[in-house]
1. Any residue that is in contact with a helix residue (DSSP H, G or I) (Cβ under 7 Å, 6 or more places away or on another chain) and more than 22 Å from Val11 (Cα to Cα) - is there at least one of those in the stretch 333-348?
2. Look through Ser62, Ser55, Ser13 and report the one residue that is surrounded by 17 or more Cβ atoms within 10 Å (Cβ to Cβ) and polar (S, T, N, Q).
3. Take Leu7 and tell me if it is more than 19 Å from Phe308 (Cβ to Cβ) and assigned to a strand (DSSP E or B).
4. Gln149: under 21 Å from the mean Cα position of the chain (by Cα), on the phi > 0 side of the Ramachandran plot and not hydroxyl-bearing (Ser, Thr, Tyr), yes or no?
5. Got a number for residues in the stretch 337-376 being small (Gly, Ala, Ser) and closer than 15 Å to Met400 by Cβ?
6. Is it the case that some residue within the stretch 126-143 is surrounded by fewer than 22 Cβ atoms within 10 Å (Cβ to Cβ) and touching a Gly at 6+ places or on another chain (Cβ under 7 Å)?
7. Whether any residue in the stretch 282-289 is farther than 19 Å from Val408 by Cα, surrounded by fewer than 23 Cβ atoms within 10 Å (Cβ to Cβ) and not aromatic (Phe, Trp, Tyr) is what I want to check.
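The values are calculated or read from the model by the stated rules, or taken from the named source; none is laboratory data. None of these values were measured; they are calculated from a predicted model. Cβ: placed from backbone, ideal geometry, glycine included. Neighbour counts: every protein chain shown.
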Amino acid sequence: MFSERVLSRIVASMNKRYLDLEHTDDTDYPAPKPGMDYMLYLHVPFCQRLCPYCSFNRFPFSEERCVPYFDSLRQEMRMIKERGYDFKSLYVGGGTPTIMLDELCETLDLARDLFSIEEVSSEMNPNHLIPEYIEKLKPRVQRLSVGVQSFDDDILKQMDRYDKYGSAAEIIERLKSVEGMFDNLNIDMIFNLPSQNEDMLRHDLECIMDVKANQTTFYPIMASPVVEKKMRETIGEVSYEREYDFYRIIDETLTGGENPMFTHGSAWTFNSKQMNMIDEYVVDYEEYPALGSGGLTYLDGKLYINTFSLREYNERIAAGHLSVGGVHAFTDKDRMRYRFMMSLFGMRLDKRRFEEDFGTSVEKGLPMETAFMKRVGAFDIDDDFEITLTPKGRYLLVAMMRQFFIGVNGVRDAARAALPPDERELIFG
């Protein structure tokens, strides 16, 4: 699609400026704004084995690395509390947050003691959908996000997930066993994998509807140059030529017809009609501190990145410093573009709030962006109050977010490249 290619190039070009983070010795965050709602993100960078398509900060698990890390993570929470921050929502990602369940539970319990936490979201892998894990997570976690990626056994084997996390049949059985136990059970999927065809994708969708999850997120493959090279060597060449066709199948299957099972939570998240929690915290919370090694924070118009080194992370926390290592300040125009993209990705841009926050209308503040999206037929409602998206517009936001996260993953690649030799050896062998 021509409009997708144009947008992808524009976002890729802008990423070079947006994501040009400079080293900083200022390891603190700005003070919280009165009345602002913030979400807290915690990163747990450990996995039993490292998936070839993943760009997040992650290390092979060992207890001697993991236990001190959790200690530091809890201390960093105390430090952010001392700076005046409070949170109603907590999201724990990875890596594999449930890699040491007792450490995770202790961390969640401390978060509830320190902050006004009302909802907790945690990622996990399918092999942890077992009674001894669920029993401890159920009273602590409201939203469980399970990284399935595909229900095709051949793809699971290619992705090195079959032996680690089980066959598609085993995963389906485990998902069904926890139905109704959490306020929200989200299933993370990936589409447009190199070896995936239309029949495989339709089978994935049938499985989603069979297990009756109340939320599913279909991410397009988002490979930075380094990860794309690794994928080429393991699961094949990434191509975006059929991405739109695959997205249309997903969209029409889950939300089409007279009585669809799902509605849109974001451009790539699909909610059952009974569920309103969002998978992408960047939609509901424009500003959020991210604690832990490799976390990315957005606060007061600045993007911060935490050190990727486990050793340096522990040392900074022990010395009483937050783990910030790099920063980039957005211009007012950049902040407008960020709001424009994230709001439309969340299905609706509030024009009145945009004008209140930036002192100008979205049309005057971003004339080229709004004109382009109108011309290619991306807008459905465009009145004095809001902008919403057509089906084509939803796909274009998927493409924009894919390209944005490819840029973010490139930042992660650069941070990994700067790791000390012994920590690089852990990741790359």
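1. No: the stretch 333-348 contains no residue that is in contact with a helix residue (DSSP H, G or I) (Cβ under 7 Å, 6 or more places away or on another chain) and more than 22 Å from Val11 (Cα to Cα).
2. Ser55
3. no
4. Yes: the conditions hold for Gln149.
5. 2
6. So far as the stretch 126-143 goes, yes, one or more of its residues are surrounded by fewer than 22 Cβ atoms within 10 Å (Cβ to Cβ) and touching a Gly at 6+ places or on another chain (Cβ under 7 Å).
7. Checked the stretch 282-289: at least one residue is farther than 19 Å from Val408 by Cα, surrounded by fewer than 23 Cβ atoms within 10 Å (Cβ to Cβ) and not aromatic (Phe, Trp, Tyr).
Residue by residue, here is whether (1) part of a helix (DSSP H, G or I); (2) modelled with pLDDT of 95 or more; (3) under 25 Å from the mean Cα position of the chain (by Cα); (4) surrounded by 15 or more Cβ atoms within 10 Å (Cβ to Cβ) holds:
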{"residue": "Ile278", "(1), (2), (3), (4)": "no, no, yes, yes"}
{"residue": "Tyr298", "(1), (2), (3), (4)": "no, no, yes, yes"}
{"residue": "Glu315", "(1), (2), (3), (4)": "yes, yes, no, no"}
{"residue": "Arg335", "(1), (2), (3), (4)": "yes, no, yes, yes"}
{"residue": "Phe354", "(1), (2), (3), (4)": "yes, yes, yes, yes"}
